[in-house]
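Undergrad: Encoded as structure tokens, here's the structure I'll be asking about.
The values are calculated or read from the model by the stated rules, or taken from the named source; none is laboratory data. Quick caveat, the model's predicted, so the values are computed rather than measured. Glycine gets a Cβ as well: all are built from the backbone with ideal geometry, and neighbour counts include every protein chain shown. Only protein heavy atoms, including side chains, enter the accessible area calculation; ligands, DNA and RNA are left aside. Shrake-Rupley method; radii C 1.70, N 1.55, O 1.52, S 1.80 Å.
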Amino acid sequence: MGKSSKDKRDLYYRKAKEQGYRARSAFKLLQLNDEFHFLDDPNLKRVVDLCAAPGSWSQVLSRKLFQDKHTAADRKIVAVDLQSMSPIDHVTTLQADITHPRTLARILQLFGDQKADFVCSDGAPDVTGLHDLDEYVQQQLIMSALQLATCILKPGGTFVAKIFRGRDIDMLYSQMGYLFERVTCAKPRSSRGTSLEAFIVCQQYNPPSGWQPRLDVGQSVQEFFQGCFRGSDTAAEVGPWNDVPRDIAPFMACGSLDSFDSDATYHTQELQDLPHRSLDPVQQPTNPPYKHALELKRKGKLTRAV
Ligand code: SAM
């Protein structure tokens, strides 16, 4: 988040800076919570933020869970990302890969081997521009987040994850439906209407009885979900991947109609009756690639690729 002209155009970008959030995505989680109230539960104790950098969701979690000193005592938030993150109050950060089984063990260790009440994931892999490959990698990342969530969530827990409403999304809804009582596809107003991005809100974790999720290196998604039954008293095993029935999840638009439209351009002067003043970034990048480039330039070693 830089000191740029986006300030003038994207209201959520501007508002994030004004309110001290590191990224505009904070408003996506806030608007989802306005609808589903998953962060308002006084019994929420252990929370995991997957793919958390630069950390605006963790900031929301920290502000929500630690606003009341009486309920804050035994609460814990763990944020995981491949990138390093600058510290956030009340948040333990882990630089790790969510697709690796060791990450699960590290989170459980931080929770003293107790299960989590809430897991969220706003994961997005680096895009290559090859549409099919990007869609596949994104799908794999969602499945990794789901696998980790099933191993760490306690019964009744909630899982919220970013999804892209692509070709096979109905299959994902039905897979989630095996594990959670309620599955909703939600679109906050701060998420651009022109983007396929949405969020899957899975409530009341209730895995089939007898199914023990276990993460192993080299295990495929199919192997992981082997033996995951449709209902506790039926034997309809999830069969070959292509035979999985496809469901439609209810769709929910989040954020009131008077909240800002993320596809629109607003003029902050008109809204606030003030001359426009560009705001500084909330958090400087921890280890940006340009730092290395500047070092090379200083030493006269920066060469242009031919
Ligand atoms: N929710 C964050 C916030 O509010 O600041 C923004 C998350 S950003 C859109 C997506 C993040 O996913 C990136 O920081 C990226 O490093 C992370 N990511 C992608 N693949 C990952 C993986 N396998 N393990 C951990 N993090 C991953």
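Undergrad: May I ask you to derive the FRET efficiency for ALA293 and VAL137 from their Cβ-Cβ distance with R0 = 35 Å, giving the value to the nearest 0.05?
TA: 0.85
Undergrad: Ignoring any ligand, DNA or RNA, what whole percent of the accessible area of the chain comes from carbon and sulfur when the probe is 1.4 angstrom?
TA: Here it works out to 50 percent.
Undergrad: Where in segment 151-169 does the label zone of ARG106 land, with the point 7 angstrom along Cα→C-beta and an amide N cut-off under 19 Å?
TA: Hits in segment 151-169 for ARG106 at 19 Å: 151-153.
Undergrad: Another question, then. Could you pull out every residue, at least 5 positions away or on a different chain, whose amide H is within less than 5 Å of the one on THR93? Hs are placed 1.01 Å off N in the peptide plane, and Pro or chain starts have none.
TA: Residues meeting the criterion, in which the H sits 1.01 Å from N, are ALA79.
Undergrad: To continue, here is another question. Apply the Karplus curve 6.51 cos²θ - 1.76 cosθ + 1.60, θ = phi - 60°, to the phi angles in segment 36-49 and return the couplings in whole Hz, x for Gly and Pro.
TA: So the Karplus estimates, Gly and Pro as x, are 9, 6, 5, 8, 9, 6, x, 8, 5, 10, 10, 10, 10, 10 Hz.
Undergrad: Which pairs break 26 Å Cα to Cα here: LYS15/LYS187; LYS15/LYS45; LYS15/LYS162; LYS17/LYS301; LYS64/LYS162?
TA: LYS15/LYS45; LYS17/LYS301
Undergrad: Which aspartates and glutamates have a Cα less than 19 Å from the Cα of LYS154, not counting those fewer than 8 places away in the same chain?
TA: Cross-link targets: ASP40, ASP41, ASP49, ASP74, ASP113, ASP117, GLU181.
Undergrad: Suppose we keep just the DSSP beta bridges with both residues in the chain; what percent of those would be antiparallel, to 5?
TA: In the chain, approximately 35 percent of DSSP beta bridges are antiparallel ones.
Undergrad: Here is a follow-up. Under a crude label model (7 Å from the Cα following the beta-carbon direction), how far is MET252 from SER278 in nanometres?
TA: Simple spin-label model gives 3.9 nm for this pair.
Undergrad: Next question. Suppose R0 equals 45 Å. What FRET efficiency, 1/(1 + (r/R0)^6) with r the Cβ-Cβ distance, do THR265 and LYS154 give to the nearest 0.05?
TA: With R0 = 45 Å, the Cβ-Cβ based efficiency is 0.55.
Undergrad: So, one more: What shape does segment 1-134 take by its C-alpha gyration tensor, where a ≥ b ≥ c are the square roots of the eigenvalues and a/c under 1.5 counts as rounded, a/b above b/c as prolate, and the rest as oblate?
TA: Cα axes put segment 1-134 in the oblate bin.
Undergrad: With every protein chain present, what is the per residue accessible area of the chain (1.4 Å probe, Å²)?
TA: 54
Undergrad: With charges only on Cβ, +1 for K and R and -1 for D and E, what is the dipole size of segment 17-104 about its Cα centre, in debye, rounded to 20?
TA: Value, rounded to 20: 180 debye.
Undergrad: Mind checking the full-extension length gain between LEU130 and LEU196? Use 0.36 nm per residue of separation minus the Cα-Cα distance, one decimal, nm.
TA: 22.1 nm
Undergrad: Relative contact order of the chain, please, whole-number percent, based on alpha carbon pairs below 8 angstrom and at least 6 residues apart.
TA: Taking the mean separation of contacting Cα pairs over the length of the chain, I get 21 percent.
Undergrad: Mind telling me which of GLU223, GLU181, GLU295 comes out most flexible in a GNM of the chain, alpha-carbon contacts under 10 Å?
TA: Fluctuation is largest for GLU295.
Undergrad: Under a plain spin-label model, where a point goes 7 Å from the Cα along Cα-to-Cβ, how far apart in nm are ARG167 and THR303?
TA: 4.2
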